[in-house]
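Trainee: Could you have a look at this structure, given as structure tokens, before my questions?
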Amino acid sequence: MNIGKRIKNIRLSKGMNASQLANKAFISQSYLSDIEAGRTAPSLDKLFTICEALDISLSEFFGDVPELPVDIIRLVENARQLEDEEIKLLSNFIELIVKRSK
């Protein structure tokens with residue numbers, strides 16, 4: 001498991017930018033960047049703090065959760081900014097595309 005990639009994917013899926021996570025986890029943004037890029041690994045204590053900031057447990061972090069492709073994570077990030085009606089329209093659009101591709 002790539003810990004940095006996992007942190008980044010969870011962060012993005014929760015709609016957080018690196019600065020927000022770093023502040024919430026009481027670490028520097030450059031340290032978080034190094035972790036996510038795989039240049040360094042966090043201690044277990046720091047990983048625990050990062051998981052708390054992401055509102056997940058260590059067992060959830062290390063659980064067997066499939067990694068989402070970056071494109072899907074970006075779609076989720078963008079969808080988080082939509083109003084309820086826009087989300088419904090997007091959902092209907094995606095369902096239409098899926099039906100047509102079958």
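Trainee: Can you confirm whether the stretch 29-39 contains a residue that is of a type in the set (Phe, Trp, Tyr), free of Cβ contacts under 8 Å to residues at least 40 places away in the same chain and closer than 14 Å to Lys8 by Cβ?
Mentor: Yes, the stretch 29-39 has at least one match.
Trainee: Then there's this: Mind counting the residues in the stretch 16-44 that are at pLDDT 95 or above, farther than 25 Å from Gln81 by Cβ and not in a loop (DSSP other than H, G, I, E, B)?
Mentor: 4
Trainee: So, of the residues in the stretch 38-55 that are acidic (Asp, Glu) and within 16 Å of the chain's Cα centre (by Cα), which turns out to be surrounded by the fewest Cβ atoms within 10 Å (Cβ to Cβ)?
Mentor: First, the residues of the stretch 38-55 that are acidic (Asp, Glu): 45, 52, 55.
With within 16 Å of the chain's Cα centre (by Cα) added as a condition, the list becomes 52, 55.
On the way: Glu52: 14, Asp55: 11.
Ranking the candidates gives Asp55 first.
Trainee: Cβ-Cβ distance below 7 Å, separation of 6 or more or different chains: which pairs start in the stretch 45-71 with a residue that is at pLDDT below 85 and end on one that is of a type in the set (Gly, Ala, Ser) and surrounded by 11 or more Cβ atoms within 10 Å (Cβ to Cβ)?
Mentor: Here the result reads Leu68/Ser13, each pair linking the stretch 45-71 to a residue that is of a type in the set (Gly, Ala, Ser) and surrounded by 11 or more Cβ atoms within 10 Å (Cβ to Cβ).
Trainee: Report, by residue number, each residue of the stretch 72-87 that is at pLDDT below 90 and over 21 Å from Asn17 (Cα atoms).
Mentor: Listed by number, the residues that qualify are Asp84, Ile87.
Trainee: Taking the stretch 19-30 on its own, how many of its residues are in contact with a helix residue (DSSP H, G or I) (Cβ under 7 Å, 6 or more places away or on another chain), within 21 Å of Leu58 (Cβ to Cβ) and surrounded by fewer than 19 Cβ atoms within 10 Å (Cβ to Cβ)? I'd like the intermediate steps shown before the answer.
Mentor: The first filter runs over the stretch 19-30 and keeps only residues in contact with a helix residue (DSSP H, G or I) (Cβ under 7 Å, 6 or more places away or on another chain), leaving 19, 21-22, 24-29.
Within this subset, residues satisfying the condition of being within 21 Å of Leu58 (Cβ to Cβ) are 21-22, 24-27.
Next cut, surrounded by fewer than 19 Cβ atoms within 10 Å (Cβ to Cβ) only: 24, 26-27.
Residues meeting the conditions: 3.
Trainee: Given the structure, is Lys8 part of a helix (DSSP H, G or I), surrounded by 11 or more Cβ atoms within 10 Å (Cβ to Cβ) and in contact (Cβ under 8 Å) with a residue 24 or more places away in the chain?
Mentor: Values: part of a helix (DSSP H, G or I): yes; surrounded by 11 or more Cβ atoms within 10 Å (Cβ to Cβ): yes; in contact (Cβ under 8 Å) with a residue 24 or more places away in the chain: yes.
Taking the combined requirement at face value, the residue satisfies it.
Trainee: Also, I was wondering about something else. Are any of the residues in the stretch 76-98 surrounded by 12 or more Cβ atoms within 10 Å (Cβ to Cβ), touching a residue at least 40 places away in the same chain (Cβ under 8 Å) and under 18 Å from the mean Cα position of the chain (by Cα)?
Mentor: Within the stretch 76-98, one or more residues are surrounded by 12 or more Cβ atoms within 10 Å (Cβ to Cβ), touching a residue at least 40 places away in the same chain (Cβ under 8 Å) and under 18 Å from the mean Cα position of the chain (by Cα).
The values are calculated or read from the model by the stated rules, or taken from the named source; none is laboratory data. Given the structure is predicted, the values throughout are model-derived calculations rather than measurements. Virtual Cβ from ideal backbone geometry, glycine too; neighbours counted across all protein chains shown.
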